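What follows is one structure encoded as structure tokens, with my remarks underneath.
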Amino acid sequence: MLKKYIPNLLTLLNLLSGTIAVYFAVKEELVIAAGFVFLGIFFDFFDGFAARIMKVQGELGKQLDSLADVVTSGVVPGIVLFQLISKSVADETWENAVKSVLKIGNEHYFTSSFFISLIGLLFTLGAAYRLAKFNIDERQTSSFIGLPTPAAALVVLSLPLILNFSGNEFASSIIQNVWFLIGISILLCYLMNAEIPLFSLKFKDYSWKKNKIKYVFIMLTAIFSALFQFIAIPLVILLYVLLSTIENKLLKKSI
């Protein structure tokens with residue numbers, strides 16, 4: 001039947017969005033790249049939703065979903081971090097630290113800024129490792145262990161949006177700091193693969209008693225979005241981790 005192909009079609013649209021985002025990220029059009037990543041994450045959410053509703057879940061869809069996510073939520077954020085670090089390092093005095101390894105014409109390649117910028121690509125490696133681990137981890141059927149790659153990707157892609165649209169000089173100065181960018185690359189790589197239980201927004205029922213943390217998260221997300229616009233994105237992901245930690249502690253006390 002035709003309906004069994006719909007979830008995989010949505011997954012392929014996720015992959016297409018991610019591939020287009022790669023092009024723009026390499027061209028340093030980071031805002032456009034962010035837009036296509038958000039579109040890809042939208043398709044990523046609805047492919048699983050469609051598979052569950054239509055009851056056509058299968059191993060092919062599971063593997064295809066991870067392959068698409070490696071591009072959209074792994075490769076693109078890694079390139080964005082690489083570009084942001086590279087620009088930040090260029091504003092510093094790092095170029096004299098290591099001479100360029102290769103020069104072609106007037107262009108220098110493999111300079112100190114290049115090697116420092118490679119730290120941003122740790123995100124891509126961490127995302128790929130997490131996605132591979134997710135496919136064989138039977139504990140993550142109704143919740144997550146470690147930060148999901150789309151959530152980590154949203155943090156990264158929010159950075160160029162904050163720089164371009166927030167008008168907040170304090171936030172912009174932090175984002176343009178090379179040490180912050182290096183730190184966020186390493187931190188997100190760790191969080192994606194850490195043994196930290198995090199709740200899922202899948203609802204078995206809609207009662208307040210069983211879903212208090214989820215409803216609080218949704219309400220605070222709406223408030224943060226209205227107040228802080230793009231700055232809300234990293235704040236919401238931080239809130240997600242904190243509320244999951246609180247929920248885990250409450251569950252342990254109730255046992």
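The values are calculated or read from the model by the stated rules, or taken from the named source; none is laboratory data. As the structure is a computational prediction, the values presented were derived from the model and not from experiment. Here Cβ is always computed from backbone atoms with ideal geometry, including for glycine, and neighbour counts include all displayed protein chains.
None of LEU131, LEU102 is among the aliphatic types (A, V, I, L, M) and modelled with pLDDT under 90 except LEU102.
If you go through segment 201-215 and keep only what is modelled with pLDDT under 80 and charged (D, E, K, R), you end up with LYS202, LYS204, ASP205, LYS209, LYS210. Of the listed requirements (1) at pLDDT 95 or above; (2) touching an Asp or Glu at 6+ places or on another chain (Cβ under 6 Å), LEU10 misses just one: (1). All conditions but one from (1) without any contact (Cβ under 8 Å) to a residue 12 or more places away in the chain; (2) within 21 Å of GLY78 (Cβ to Cβ) apply to LYS212; the one that does not is (2). Looking only at residues of segment 178-193 that are over 13 Å from LEU122 (Cα atoms) and surrounded by 15 or more Cβ atoms within 10 Å (Cβ to Cβ), we find that the one that is nearest to the chain's Cα centre (by Cα) is PHE180. When the test is whether a residue is closer than 24 Å to VAL236 by Cβ, outside any helix (DSSP H, G or I), at pLDDT 90 or above and touching a helix residue (DSSP H, G or I) at 6+ places or on another chain (Cβ under 7 Å), LEU154 does not pass it. Only one of the numbered conditions (1) farther than 20 Å from ALA34 by Cα; (2) in contact (Cβ under 8 Å) with a residue 40 or more places away in the chain is violated by SER113, and that is (2).
Of all residues in segment 11-28, those that are closer than 12 Å to VAL75 by Cα have Cβ atoms under 9 Å from Cβ atoms of residues that are of a type in the set (D, E, K, R) and modelled with pLDDT of 95 or more, 6 or more apart or on another chain, in TYR23/GLU29. For the criterion of being at pLDDT 90 or above, touching a helix residue (DSSP H, G or I) at 6+ places or on another chain (Cβ under 9 Å) and either among the basic types (Lys, Arg) or more than 29 Å from ASN135 (Cα to Cα) (or both), ASN193 fails.
Restricting segment 146-171 to residues that are exposed (fewer than 15 other Cβ atoms within 10 Å of the Cβ) and without any contact (Cβ under 8 Å) to a residue 24 or more places away in the chain, the residue that is nearest to ALA68 (Cα to Cα) is GLY167.
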